[in-house]
Amino acid sequence: MNQVVIVICDSLRADLITATDAPFLSELAQRSARFANHAGVFPSTTRTSAASIATGCLPARHGLLGNTMALDEGDGLVCLSVGKPDFRDRLHRATGRTLHVPTLAERVGHAGGTAIAISNVSPGAAYFLDPDGYGWVYNPAGSFGPARRPLPEGEGLALSKGAAGDDAATERFCEDVLCRRAPSVALLWLSEPDYTGHHTPLGGPAHRQAIASADANVRRVALTVSRLDPAGRRILFIVGSDHGMETVAETIDLAFLLIEAGLKRAPNSSDVVVAPNGSAALLYFSDPEGPLVGKVAQFLRAQNWVGRMFVGPELAEVGLPTGSAMRIALTLKSEQRANQHGVPGHSHIVRDWLEPKDVTGFGQHGGLGRNEQSPFLLVSGGGFTPGVRSRRSSLTDIAPTVLRHLGLPSAGMDGRPLPH
Ligand SMILES: [Zn+2]
């Protein structure tokens, strides 16, 4: 039976794949279909991207709107981190569902196949690959089997983010998942170079080492894949990233500025709730039809740190829903100025009071900046021929490509199968 193996190197920008830092990926790119015009989703955050890779849909359709989201659990809208282990259950309790569309794990499960994911990033990003438990999801915060049955501690994933944890996750992926269990869809989500990029300058020695770590782990998986399928036809091998990064310029305290402008009552008030998403923010309103939406939009339009803004029906232009309590999405201003290591791209970010640390000069993402919107994608095996594809592709094209290889339909997705 055909199989698919996917590896995601979190945050790895296409332009930072060089022969020095990522020798294996550079070589793999020569013998893969390389999608040179590959785009992320908006917000360009890991949890939203994970849901888009899993469903082939944009956030408007799958419903997971960022790394943070405002949720009304009975006492009005409150901003919560989607990354926490309990967010999936809280979302389900508050709204009666998780993602609004089926995942690869669900579609493959219904067809009699299996899906196994090992994810060394936040529990939220891991669990939204398969939030309703059709396959297996392994994450250091807790691992689940079918029907979301918690796996005993010994079967779980006792790792931490960073290169050492990624190495151990990769070993487990190759030995246990690929060689022993051979599922229809196997996905490995590495924490590097995202983990290091968030607390060191992009292109600095630590960040470059983190890129090398991801490169070495992709190599381990690729060697396993070619051992299992020497002809390179049965296994479709997909390697990519979810988004890139920009260097943080300034941090804007958006909620405070709204309070100061008389547009928000208090830090925890639910009249307007800011959901910070790195270099983007989504604003939720307790009265989405009320006049406050227009007043806040007018205020934001006058701010020189705002990049692009989408209000009401304009949200559809960037793949966001138009009928929810979230009525304004904005990106912060970005520019191509290089950092001290020659890596282009700076952006302002929105202060996140759930994680209030100073990250000026380090990597961040979430918006529509050129560098955070430049993930990479390499596809080999399964009939893909080497060469550059310059047609625009998206994270949402991965799931339909997976289903085509498995002989399954991909109706109801925003993405399209990638050209061989
Ligand atoms: Zn990410």
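The values are calculated or read from the model by the stated rules, or taken from the named source; none is laboratory data. Model, not experiment: these values are computed from the prediction. As a convention, Cβ positions derive from the backbone with ideal geometry for all residues, glycine included, and neighbour counts pool all protein chains shown. Surface accessibility is based on the protein's heavy atoms, side chains included, excluding ligands, DNA and RNA. Shrake-Rupley method; radii C 1.70, N 1.55, O 1.52, S 1.80 Å.
Some observations on this one:
- Cut-off under 5 Å, modelled amide H: who pairs with ALA117 long-range: TRP136, VAL137, TYR138, LEU187
- Within the range 247-363, percent of DSSP bridges classed antiparallel, to nearest 5: 85 percent
- When you filter the GluC sites (Glu not before Pro) in the range 269-348 for DSSP loop state and at most 15 other Cβ atoms inside 10 Å of their Cβ, you are left with GLU289.
- Amide H contacts of THR251 (H built 1.01 Å from N, under 5 Å, at least 5 apart or other chain): ILE349
- Among beta bridges from DSSP that stay inside the chain, the antiparallel ones total about 55%.
- In order through the range 201-212: 3J(HN,Hα) via Karplus (6.51 cos²θ - 1.76 cosθ + 1.60), integer Hz, x for Gly, Pro: x, 5, x, x, x, 5, 5, 5, 5, 5, 5, 5
- Taking chymotrypsin sites (Phe, Trp or Tyr not before Pro) across the range 348-420, the ones in a DSSP loop with at most 16 further Cβ atoms lying within 10 angstrom of their Cβ are TRP353.
- Once the chain from ALA261 to GLN30 is taken as fully extended at 0.36 nm per residue, the excess over their C-alpha distance is 77.8 nm.
- Length-normalised contact order for the range 89-142 - Cα pairs under 8 Å, 6+ apart - percent: 32 percent
- Pairwise label distance in nanometres, MET309 with ARG392, each label 7 Å out on the Cα-Cβ vector: 2.4 nm
- For the range 247-363, convex hull of alpha carbons as volume per residue, Å³: 104 Å³
- In Hz, Karplus ³J(HN,Hα) per residue of the range 102-110 (6.51, -1.76, 1.60; θ = phi - 60°; x = Gly, Pro): x, 8, 4, 4, 5, 5, 5, x, 5
- Normalised contact order of the chain, rounded percent, pairs of Cα under 8 Å and 6 or more residues apart: 28 percent
- Protein accessible area in the chain, 1.4 Å probe - carbon and sulfur %: 51 percent
- Listed residues LEU77, VAL137, VAL274: farthest to the positive end of the dipole of the chain (Cβ charges): VAL137
- The phi-based Karplus calculation (6.51 cos²θ - 1.76 cosθ + 1.60; θ = phi - 60°) puts the 3J(HN,Hα) values of the range 53-61 at 5, 6, 10, x, 10, 6, x, 3, 9 Hz, whole numbers, x for Gly and Pro.
- Here's the list of aspartates and glutamates a cross-link from LYS357 could span, going by alpha-carbon distance under 18 Å and ignoring same-chain residues fewer than 8 apart: ASP194, GLU246, GLU250, ASP253.
- Percent RCO, i.e. relative contact order, over the range 247-363, from Cα pairs under 8 Å lying at least 6 residues apart: 36 percent
- In this simple spin-label approximation, THR360 and ALA111 carry label points 7 Å from Cα along the Cα→Cβ vector, and these lie 5.2 nm apart.
- Once backbone amide H atoms are built at 1.01 Å from N, ALA70 has LEU80 as its partners under 5 Å, excluding neighbours fewer than 5 places away on the same chain.
- With R₀ fixed at 25 Å, the C-beta to C-beta distance from HIS199 to ALA316 puts the FRET efficiency at about 0.10.
- Spread of Cα-to-Cα distances over 5 Å intervals beginning at zero, given as percent, for the range 317-390: 3, 11, 16, 16, 15, 14, 11, 8, 5, 1
- What the pair-distance distribution of the chain shows, using all Cα-Cα distances binned every 10 Å from zero, is 5, 24, 34, 25, 10, 2, 0 percent.
- Each of the peptides 6-18, 141-153, 98-110, 67-79 was scored by the mean count of other Cβ atoms within 10 Å over its residues; in descending order, highest first, they stand as 6-18, 98-110, 67-79, 141-153.
- Among the listed pairs LYS84/LYS333; LYS84/LYS264; LYS84/LYS161, those beyond 22 Å (Cα-Cα): LYS84/LYS333; LYS84/LYS264
- Crossing angle, helix 163-172 versus the chain [Cα axis fit, 0-90 degrees, rounded to tens]: 50 degrees
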